[in-house]
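Values quoted throughout were computed directly from the atomic coordinates according to the rules given, and no laboratory measurement underlies them. All figures in this text were calculated on a predicted structure; none of them were measured in a lab. All Cβ positions, even for glycine, are placed from backbone atoms using ideal geometry, and neighbour counts span all protein chains on display.
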2 protein chains.
Amino acid sequence: MPNPRVVSLDKIKVACQNCTLSALCLPLGLKEADVEKLDQIVKRSRPIQRGEALFHIGDPFQNIYAVKTGSFKTFVQSADGGEQVLGFHLPGELIGLDAILDNQHGCSAKALETSSICKIPFLQLETLATQLPSLQHQVFRLMSGEISKDTNMLMLLGNRSADERLATFLLSLSRRLAQRGFSATEFNLSMSRHDIASYLGLAVETVSRLFTRMQQEGLLQVDRKFVRLLDMDRLDELCEKNPHCHGRQLLP
Amino acid sequence: MPNPRVVSLDKIKVACQNCTLSALCLPLGLKEADVEKLDQIVKRSRPIQRGEALFHIGDPFQNIYAVKTGSFKTFVQSADGGEQVLGFHLPGELIGLDAILDNQHGCSAKALETSSICKIPFLQLETLATQLPSLQHQVFRLMSGEISKDTNMLMLLGNRSADERLATFLLSLSRRLAQRGFSATEFNLSMSRHDIASYLGLAVETVSRLFTRMQQEGLLQVDRKFVRLLDMDRLDELCEKNPHCHGRQLLP
DNA sequence: CGTAGCTTTGAAGATTTTCAACCTTAGTGG
DNA sequence: CCACTAAGGTTGAAAATCTTCAAAGCTACG
């Protein structure tokens, strides 16, 4: 049995643990030697406690962040102190890519639980990307993926009923967690009902009622933060409904 | 009076007419010599007729497009043949940045009127960006801007009433047209009511009623495709409402 | 153990959608 | 040149979803 410490593959594994690889390189593209160079500019960071801010809206833009463990929400404050949640960020996902244009953050980011991140100085990343075409390509891809993600969200909010929104949200979480090796059917919601409601453009009460009803209908099981998806097929059906039909005939 | 043909600035102007500069370089950043190089990879294109497709969903990704004149919509087809509109693209704006990740287009694009575009081969743009750090930076900025744009849209759809959505939509058009030197208060809606409704996540009838009511209230004047914004202040107020109050008390 | 905060539940109210019909516009062909 | 047709737009009334308001239940944490 070979000692894993001596093979160069191990370096990739190390980088992966730092989430450098998982976030920036996972969709293939980077050579091993390049991963090493990338790893050198990534800053480690102490754990971030639940409720602690990663950055605030208006902060000067310097780093992008890759979630290593835990989860974050991004949001903007409304006039009366309320929050509009813009997104949730799970392990392996990036935060801060929207700040490049204005050179300052357009939203705030806060930890939903004790989390750890990798800090990537954007200027250094740019410089390195100039030297490594495959890295440049990778960053383009990542940003493109971010745009696609938002586009999908637009479709979700644009023309879908509350049921479809919640189902889509849960399946999105499921898929993203499964991608990281977590269970696709059982997980904890690190965000509050309030956060979910804000994100989906619904009232808190509506989200609460939906959870209750979906449980009664056997679609899922929910206990406080814990969720178990029971009928993935029917949940899928809810998501695939035609935007213009609102899927209202689906439920009794 | 100097002959504009001989000064090198003219090259920028030429590029600008091709929309290379306006889309890719306008937010400063590129040196004159670099603009010239960029201009060399941009392909001109014949006019595109109303209803003609720029690309279809699933098409292999090769170019990004900059709108020179006219306008486009991006959309996805739903199960029953309906459309979900994802965005409208005015002169100077880019189309196709969401296709990099999957290497194929995730939506279709169609001309809303007779339009012209610049075709930018993405592979060549990437290669050039490797050589020109300022161009690389510029592309990062553009993509970041695209993410911000979507984020704003999420906020719009997430928690706002129909009035606020339409007001925000109209002011967004106004601002973007003004940026290109068009009138900020009078313009033609190249898209149908159906497109607007789909984009804003509303029923066609609701959009129609809103136009009628806003006209009655003196906010604007509307005749078929033509719109004149009369009370920008009150329209602004509609947009700035707190997401959680829904601004419903604003209207009688 | 008690309080604060989050979640759930109920009923009333409101905005928006749906359904249906009518009107207008643009384009076509006799 | 006019009538005709199809598509898009407008309007009205009923239905429905979702929100708001109100209150109670539960959990967690000091």
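Brief remarks on what is shown
- Unsatisfied cross-links (Cα-Cα over 18 Å) in the set B:K68/B:K110; A:K43/A:K149; A:K37/A:K119; A:K73/A:K225; A:K73/A:K149; B:K73/B:K225: A:K43/A:K149
- Ordering B:D39, B:D223, B:D59, A:D236 by the number of other Cβ atoms within 10 Å of each residue's own Cβ, fewest first, gives B:D223, A:D236, B:D59, B:D39.
- Integer Hz, Karplus 6.51/-1.76/1.60 couplings in order for region B:47-61, x for Gly and Pro: x, 10, 7, 3, x, 6, 8, 7, 7, 10, 4, x, 4, x, 7
- Cα gyration tensor shape of region B:101-155, rounded if a/c is under 1.5, else prolate or oblate by comparing a/b with b/c: oblate
- Overall form of region A:77-179 per C-alpha gyration tensor (a/c, 1.5; a/b vs b/c): prolate
- The GluC sites (Glu not before Pro) of region A:164-229 that DSSP puts in a loop, and whose beta carbon has at most 14 other beta carbons within 10 Å, are A:E217.
- Sparse packing (at most 13 other Cβ atoms within 10 Å of the Cβ) combined with a DSSP loop state is found for the following trypsin sites (Lys or Arg not before Pro) in region B:43-89: B:R44, B:R50.
- Starting from the label point of B:Q216 at 7 Å along Cα→Cβ, the same points in the other copies fall at 3.8 nm, in ascending order.
- Gyration tensor verdict on region B:27-148 (Cα atoms; rounded if a/c is under 1.5, prolate if a/b is larger than b/c, oblate otherwise): prolate
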